[in-house]
Ligand SMILES: NC(=O)c1ccc[n+]([C@@H]2O[C@H](COP(=O)([O-])OP(=O)(O)OC[C@H]3O[C@@H](n4cnc5c(N)ncnc54)[C@H](O)[C@@H]3O)[C@@H](O)[C@H]2O)c1
């Protein structure tokens, strides 16, 4: 008999015995002719079919890929629950370099089609979409084999780029934060610093300027900054994220680049009174949310305010309608306010309050059968 130890044993322990586990189903997929190795994790279908993107990433080990799929799928259950969607949480990962074969990676049409067949084999328990390393064009290919695919191009019946509504949702989260802290949702004359003005960040600049905010941006890519300041010369530029978060008089910090923006070092020096941004997994480690609260900084949970994208891909399943979607994304304002109120009532940080509200919605759905 095989002796299962090390990383594999850890993953199995997480799945079957820890609070981070409890997933309903985990599917390991292999198609040797295309080189596909994938993991599909369904955390919960309590609220409906599991929905979450496909991450394409060169994991160092298969166990690491499974662990990531479990973690991401669980996160989607919470995100979908708080976005008010009738979807549970799931996520898939494809192991390998997401570049196509001509550029040294493993992505190919054959591999994506094989992946689509695996998703289809689940009969709708899991609906897939884009994530890091997968794009609208990839979902168009997956959709040829699998009707439970969203995040496709408009030419193929999809809604396309989700960053427009993601930015709109983050803006609603900021308005709710302003309402909670200053008694007025307007961002007029508030100084907002955005780290990362890519797809989401540059749309966010537009909302903020239209509302009368003062905006400071930074980005590691010069052309991203240039695109913003050419259009809006009134936008200030910080040398880097470290300079941005130390900016005098900053009211709101919006991390819109990578995860882990809120760590021991950044929380210590942050001048802003609110953190509200699009980046996923902003809290670098458990406990940071408490440090943020202890410094009197209001944190709008990332997965709540960046739900505009998932609201869009969920809507696509019913024939995309931009106005309907925008109305759903506007509800992020009320959801965020509700989280702050719950946090205050329960004496816990907003991140913990968000988790409680999501868990409650899932438990109620389970109880209702
Ligand atoms: N696009 C969506 O619909 C969506 C939905 C939910 C969450 N998110 C999350 O929001 C974040 C931004 O997404 P996006 O689609 O705009 O991505 P993007 O790649 O278009 O933009 C990210 C920007 O951040 C910049 N950047 C990277 N590292 C940086 C650093 N250290 N300091 C400053 N800038 C840095 C990049 O140069 C880029 O311009 C990501 O964390 C993403 O996971 C996006």
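Could you calculate the FRET efficiency of residue 321 with residue 144 from 1/(1 + (r/R0)^6), where r is the beta carbon distance between them and R0 is 30 Å, rounded to 0.05?
Here the calculated transfer efficiency is 0.80.
Report the semi-axes of the equivalent ellipsoid for the chain in whole Å, largest first, where each axis is √(5λ) for an eigenvalue λ of the Cα gyration tensor.
33, 24, 21
Divide the volume of the convex hull of the Cα atoms of segment 310-365 by its number of residues and quote the answer in cubic angstrom per residue.
Numbers: hull volume 4.7 nm³, N = 56.
It is 84 Å³ per residue.
Which angle between 0 and 90 degrees, to the nearest 10, do you get for helix 332-346 versus the longest principal axis of the chain when only C-alpha atoms count?
80 degrees
At 0.36 nm per residue, and after removing the present C-alpha to C-alpha distance, how many nm does the segment from residue 7 to residue 101 gain when stretched out fully? List each step's numbers first, then the result.
Details: separation 94, 0.36 × 94 = 33.84 nm, distance 2.95 nm.
Working it through step by step, the gained length comes to 30.9 nm.
On the Cα set of segment 156-280, report Rg and Dmax in Å, please.
Calculated on Cα positions, Rg and Dmax stand at 13.8, 47 Å.
Pairing the Cα long axis of helix 163-182 with the longest principal axis of the chain, what angle in degrees results, from 0 to 90 and rounded to the nearest 10?
It works out to around 40 degrees.
Would you please give the FRET efficiency between residue 239 and residue 60, computed as 1/(1 + (r/R0)^6) with r the Cβ-Cβ distance and R0 = 56 Å, to the nearest 0.05?
Given R0 = 56 Å and the Cβ-Cβ separation, E is 0.95.
Send over the per residue convex hull volume for segment 31-150, Cα only, as a whole number of Å³.
That works out to 89 Å³ per residue.
Using only Cα atoms, find the angle between the long axis of helix 6-17 and the longest principal axis of the chain, and express it within 0 to 90 degrees, rounded to the nearest 10.
80 degrees
For residue 220 and residue 32 in the same chain, what is the full-extension length gain: residue separation times 0.36 nm, less their Cα-Cα distance, in nm?
So the extension gain works out to 63.8 nm.
What's the Cα-based Rg to Rh of segment 1-81, Rh via Kirkwood?
Ratio of gyration radius to Kirkwood radius for segment 1-81: 0.98.
State, as an integer percentage, the relative contact order of segment 304-369 based on alpha-carbon contacts under 8 Å between residues 6 or more apart. Walk me through the numbers before you get to the answer.
On the way: 29 pairs, mean separation 17.0, N = 66.
With pairs under 8 Å counted, the relative contact order is 26 percent.
What order do you get for 16, 118 when you list them from fewest to most C-beta neighbours inside 10 Å?
16, 118
In a Gaussian network model over the chain where Cα atoms closer than 10 Å are linked, find which of 101, 190, 117 has the largest mean-square fluctuation.
101
Where in segment 282-305 is the amide nitrogen less than 16 Å from a point lying 7 Å along the Cα-to-Cβ axis of residue 182?
297-300
Values in this text are rule-based calculations from the coordinates and carry no lab data. Being a predicted model, the structure only gives us computed values, none of them experimental. So basically every Cβ, Gly included, is an ideal-geometry build from the backbone, and we count neighbours across all protein chains shown.
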